[in-house]
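**Q** Attaching a single structure in structure tokens format; questions to follow.
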Amino acid sequence: MNYASGARDVEVVVIGAGQAGLAAAFHLGRLGYVPDRDFVVLDHAPRPGGAWQFRWPTLTYGRVHGMHALPGMELTDADPARPSAEVIGEYFTAYEDAYGLRVHRPVHVTAVRPGPEPGGRLLVESSEGVYAARALVNATGTWDRPFWPHFPGQARFRGRLLHTAGYRGPQEFAGQRVVVVGGGTSAVQHLMEIAEVAADTAWVTRRPPAFREGPFDEDRGRAAVALVEDRVRQGLPPRSVVSVTGLPMSEELRRARERGVLVRRPMFDRITETGVHWPEGAREDGVTAFDADAILLATGFRPVIDHLAPLRLRGAGGGIRMAGTRVADDPRIHLVGYGPSASTIGANRAGRAAAREIHRLLEADVPAAA
């Protein structure tokens, strides 16, 4: 039965073909669902590779932090000197072909709406038409929603203000004075390679960075994931897993610290026409200004979920209350690559969990919201 003019009935729609979306599609296939008959995978990107295809060229595969293989196919013999965008893009392409996932791209999902029957099919509106689905896996990630904090005075800055999403490598900062803002892995990677060619750099974070010594073992991983899971269970906006694990202290970071590159400054109070400014007493060295040609914001990303707004999933806490991968108030809807499953290993597990729960829901053949 069609629920909208020209709508196509499917069991499941998967939105997004990054790590989480492909993992979910793989496990749906293992459970007997046939791609393009029982479920469809819609991806807005022009080619396979998820967000990896947009990474800067100097992020080589050997410098990737925590890349885990997709379920059922290892990534072998990858050249660590090649750009990660190329290596992982080719790997995702081979994976989609090997399992016949038949990803539809580029397809832009504009909205997901409730159907006319309570607990019935969801209407997924996209650039290739409307799908009426019994269940939804949302795996849209964060790359398309960079977080741009607002700083007093930034409109007057005569230099270049950019975000990690627009970073293309250190060569464009040769001979310049650069401020890098952010305390995560990307900020540190940007800072260290820019420092090799820049006239001067300043590293600014809101909080003192936490460096992690020793291996990141299974117990530490579970503890980090648990912190993020607790937030989404309460309906609070998620934090990334990386934000609670700290920065792994490597030999490269130690050398950068010894050279004076990895010196953290507190957050400035405003941006001026020529750089950034700190209030009196904010810095121990008494410096109150840094002239800059560019300010690079490595300030992270937010979940891409605006297309889910018609479903009214957000709660009073500002986030979506979750129970594992599913929305607590609607078991038809699963968010993978969201909150605790935003890491690559977490995405694999979430894809499997979502597929299994959806299978149980559909097999039960009861109203989904009951």
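The values are calculated or read from the model by the stated rules, or taken from the named source; none is laboratory data. A quick note: this is a predicted structure, and the numbers were derived from the prediction, not measured. Positions of Cβ are generated from backbone atoms using ideal geometry, with glycine treated the same way; all protein chains shown enter the neighbour counts.
**Q** Going residue by residue through the range 53-60, is there one that turns out to be at pLDDT below 95 and closer than 21 Å to Leu311 by Cα? Break it down into steps so the answer makes sense when it comes.
**A** The initial filter retains those residues of the range 53-60 that are at pLDDT below 95, namely 53-60.
Of the ones still in play, those that are also closer than 21 Å to Leu311 by Cα are none.
Scanning the range 53-60 turns up no residue that is at pLDDT below 95 and closer than 21 Å to Leu311 by Cα.
**Q** Among (1) surrounded by fewer than 19 Cβ atoms within 10 Å (Cβ to Cβ); (2) within 28 Å of Ala165 (Cα to Cα), where does Asp38 come up short?
**A** (2)
Listed here are the residues, each with its yes/no results for (1) under 30 Å from Pro170 (Cα atoms); (2) modelled with pLDDT of 95 or more; (3) not polar (S, T, N, Q); (4) not assigned by TED's automatic domain parsing to the domain that holds His44.
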{"position": "Arg264", "(1), (2), (3), (4)": "yes, no, yes, yes"}
{"position": "Asp269", "(1), (2), (3), (4)": "yes, yes, yes, yes"}
{"position": "Glu273", "(1), (2), (3), (4)": "yes, yes, yes, yes"}
{"position": "Asp293", "(1), (2), (3), (4)": "yes, yes, yes, yes"}
{"position": "Pro310", "(1), (2), (3), (4)": "no, yes, yes, no"}
{"position": "His334", "(1), (2), (3), (4)": "no, yes, yes, no"}
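**Q** Tell me yes or no: at least one residue of the range 1-22 is within 24 Å of the chain's Cα centre (by Cα) and of a type in the set (Lys, Arg). Steps first, please.
**A** From the range 1-22, those within 24 Å of the chain's Cα centre (by Cα) are 12-22; that's our starting set.
When the remaining residues are screened for being of a type in the set (Lys, Arg), the result is none.
There is no residue in the range 1-22 that is within 24 Å of the chain's Cα centre (by Cα) and of a type in the set (Lys, Arg).
**Q** Quick one: count up the residues across the range 43-84 that are buried (at least 17 other Cβ atoms within 10 Å of the Cβ), small (Gly, Ala, Ser) and more than 15 Å from the chain's Cα centre (by Cα).
**A** 2
**Q** Looking at Thr288, Thr325 in this structure, which one is surrounded by 19 or more Cβ atoms within 10 Å (Cβ to Cβ) and among the β-branched types (Val, Ile, Thr)? Break it down stepwise before answering.
**A** Numbers: Thr288 fails: surrounded by 19 or more Cβ atoms within 10 Å (Cβ to Cβ).
Of the residues listed, the single one that is surrounded by 19 or more Cβ atoms within 10 Å (Cβ to Cβ) and among the β-branched types (Val, Ile, Thr) is Thr325.
Per-residue answers, yes or no, for (1) at pLDDT 95 or above; (2) under 21 Å from Pro266 (Cβ atoms):
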{"position": "Arg158", "(1), (2)": "yes, no"}
{"position": "Arg168", "(1), (2)": "no, no"}
{"position": "Val179", "(1), (2)": "yes, yes"}
{"position": "Gly184", "(1), (2)": "no, yes"}
{"position": "Ile194", "(1), (2)": "yes, yes"}
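**Q** Right, here's the next one. Does the range 40-83 hold any residues that are in contact with a strand residue (DSSP E or B) (Cβ under 6 Å, 6 or more places away or on another chain) and either part of a helix (DSSP H, G or I) or touching a residue at least 60 places away in the same chain (Cβ under 8 Å) (or both), and which are they?
**A** Within the range 40-83, Val40, Val41, Leu42, Pro57 meet the criteria.
**Q** When the residues of the range 11-39 are narrowed to those that are of a type in the set (Gly, Ala, Ser) and not in a helix (DSSP H, G or I), which ends up farthest from Gly89 (Cα to Cα)? Lay out the reasoning, then the answer.
**A** Step one: filter the range 11-39 for residues of a type in the set (Gly, Ala, Ser), giving 16-18, 20-21, 23-25, 29, 32.
Now narrow it down to the ones that are not in a helix (DSSP H, G or I): 16-18, 32.
Details: Gly16: 15, Ala17: 11, Gly18: 10, Gly32: 27 Å.
Per the stated criteria, the residue is Gly32.
**Q** Do we have Thr76 as of a type in the set (S, T, N, Q), at pLDDT 95 or above and assigned by TED's automatic domain parsing to the domain that holds Arg356 here? First the steps, then the outcome.
**A** Values: of a type in the set (S, T, N, Q): yes; at pLDDT 95 or above: no; assigned by TED's automatic domain parsing to the domain that holds Arg356: yes.
Judged against the criteria, Thr76 is not a match.
**Q** Does Gly300 satisfy the condition of being surrounded by 15 or more Cβ atoms within 10 Å (Cβ to Cβ) and over 18 Å from Val188 (Cβ atoms)? Working first, answer last.
**A** On the way: surrounded by 15 or more Cβ atoms within 10 Å (Cβ to Cβ): yes; over 18 Å from Val188 (Cβ atoms): no.
It is false that Gly300 is surrounded by 15 or more Cβ atoms within 10 Å (Cβ to Cβ) and over 18 Å from Val188 (Cβ atoms).
**Q** Now for a separate question. Take Arg321 and decide whether it is under 27 Å from the mean Cα position of the chain (by Cα) and not assigned by TED's automatic domain parsing to the domain that holds Ala355. Before the answer, list the steps.
**A** Numbers: under 27 Å from the mean Cα position of the chain (by Cα): yes; not assigned by TED's automatic domain parsing to the domain that holds Ala355: no.
In short, no.
**Q** In addition: Within the bounds of the range 155-164, is there any residue that is in a helix (DSSP H, G or I), in contact with a strand residue (DSSP E or B) (Cβ under 9 Å, 6 or more places away or on another chain) and under 27 Å from Gly346 (Cα atoms)? Give the steps one after another, and end with the answer.
**A** First, the residues of the range 155-164 that are in a helix (DSSP H, G or I): 155-156, 164.
From what's left, in contact with a strand residue (DSSP E or B) (Cβ under 9 Å, 6 or more places away or on another chain): 155-156, 164.
From what's left, under 27 Å from Gly346 (Cα atoms): 164.
There is at least one residue in the range 155-164 that is in a helix (DSSP H, G or I), in contact with a strand residue (DSSP E or B) (Cβ under 9 Å, 6 or more places away or on another chain) and under 27 Å from Gly346 (Cα atoms).
**Q** Identify, by number, the condition in (1) assigned by TED's automatic domain parsing to the domain that holds Leu253; (2) of a type in the set (Gly, Ala, Ser); (3) closer than 30 Å to Arg352 by Cβ that Ala135 doesn't meet.
**A** Exception for Ala135: condition (1).
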